[in-house]
1. From the phi of every residue in the range 83-89, what ³J(HN,Hα) in whole Hz does the Karplus formula 6.51 cos²θ - 1.76 cosθ + 1.60 yield, where θ is phi - 60° and glycine or proline is x?
2. Relative to the first principal axis of the alpha-carbon coordinates of the chain, what is the inclination of helix 201-215, with its axis defined by its Cα atoms, in degrees from 0 to 90 and to the nearest 10?
3. Per the Debye formula with a single identical scatterer at each Cα and no solvent contribution, what log10 I(q)/I(0) holds for the range 145-221 at q = 0.12, 0.13, 0.19, 0.21 Å⁻¹?
4. Got the relative contact order for the chain handy, in percent, Cα pairs under 8 Å and 6 or more residues apart?
5. Restricting things to Cα coordinates, could you compute the convex hull volume per residue of the range 103-176 in Å³?
6. How big is the equivalent ellipsoid of the chain along its three axes, where each semi-axis is √(5λ) from the Cα gyration tensor, reported in whole Å from largest to smallest?
7. Report, in debye and to the nearest 20, how large the dipole of the range 81-153 comes out about its Cα centre when Lys and Arg carry +1 and Asp and Glu carry -1 on their Cβ.
8. Please report, in debye to the nearest 20, how large the charge dipole of the chain is about its Cα centre when each Lys and Arg carries +1 at its beta carbon and each Asp and Glu carries -1 there.
Amino acid sequence: MAKPNSTSRGLPNSLIPGLKVRLMAMETTKSRWDTIFIGSKPLRYLVLERPMVNGIPLRFDDTSKWSVNFINNGQIFNFNCEVLGSCARPASLVFMSYPKSVDQANLRNNKRYPVNIPMTLEGAVGELKGQILAKGLILDLSLGGCLAATTVELPPETPLLLKMYLDDKKTISGLQVERKSGRQASGTYYSGLSFLPTNNQEVYTQISDIINGIENIPLRI
């Protein structure tokens, strides 16, 4: 995983006018939209083109919070911001707050889906077997792995067992993973976990069900 951006000063070097970005609402029903980055005033605000729905510009509520991500040069960038305002003339634009921090990571081969799933990790072999090593959150998920946030650093290249705590008291237990990459920012450790090929098909089916559920979430206009 690439070096972290603890601040957003390097953002203008990566987010260039004309770049396609993905927006996801962080409140109420999760709405997802693709749009175009227009420009920015560094450390003040970002300017995006308002997505069109049936030929009508999408309405953005002031102060609503959004997660923004985009891909550039084999890296994926993700940050949070809120709507400052929007306009219809001379162009249909939305103005968003400048991010205070930006998460940056190498792309995985599989598509990544932003999530917020509580989890625990325990050792799977040797002296660590059976020991709970960390509790935290899964921030994104793909068929090949996930990004985990914890308050302690995880051992690299060591088999671990991941347990996900889903809605309605459902869990996925015994998912075998290894930490392949990691970074630290503001007291939080971000670990890129890879699912090991020793996992059985049932586990992959459960992961696929989560991803299918995310893809089938209805959009909110």
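The values are calculated or read from the model by the stated rules, or taken from the named source; none is laboratory data. Since the model is a prediction, treat every value here as computed from it, not as a measurement. Here the Cβ is made from the backbone with ideal geometry for all residues, glycine too, and neighbour counts use every protein chain on show. Ligands, DNA and RNA are stripped out before the accessible areas are found, and what is left, the full protein with its side chains, is counted by its heavy atoms. Shrake-Rupley method; radii C 1.70, N 1.55, O 1.52, S 1.80 Å.
1. 6, 8, x, 8, 8, 10, 10
2. It works out to around 10 degrees.
3. Treating every Cα as an identical point scatterer, log10 I(q)/I(0) equals -0.41, -0.48, -0.90, -1.01.
4. Working: 485 pairs, mean separation 36.6, N = 221.
17 percent.
5. Working: hull volume 7.8 nm³, N = 74.
Dividing the Cα hull volume of the range 103-176 by its residue count gives 106 Å³.
6. On the way: eigenvalues 237, 77, 39 Å².
Output for the chain: semi-axes of 34, 20, 14 Å.
7. Numbers: 7 positive and 6 negative charges, 62 e Å.
Taking the Cα centre of the range 81-153 as origin, the dipole is about 300 debye.
8. Values: 25 positive and 18 negative charges, 133 e Å.
So the magnitude is around 640 debye.
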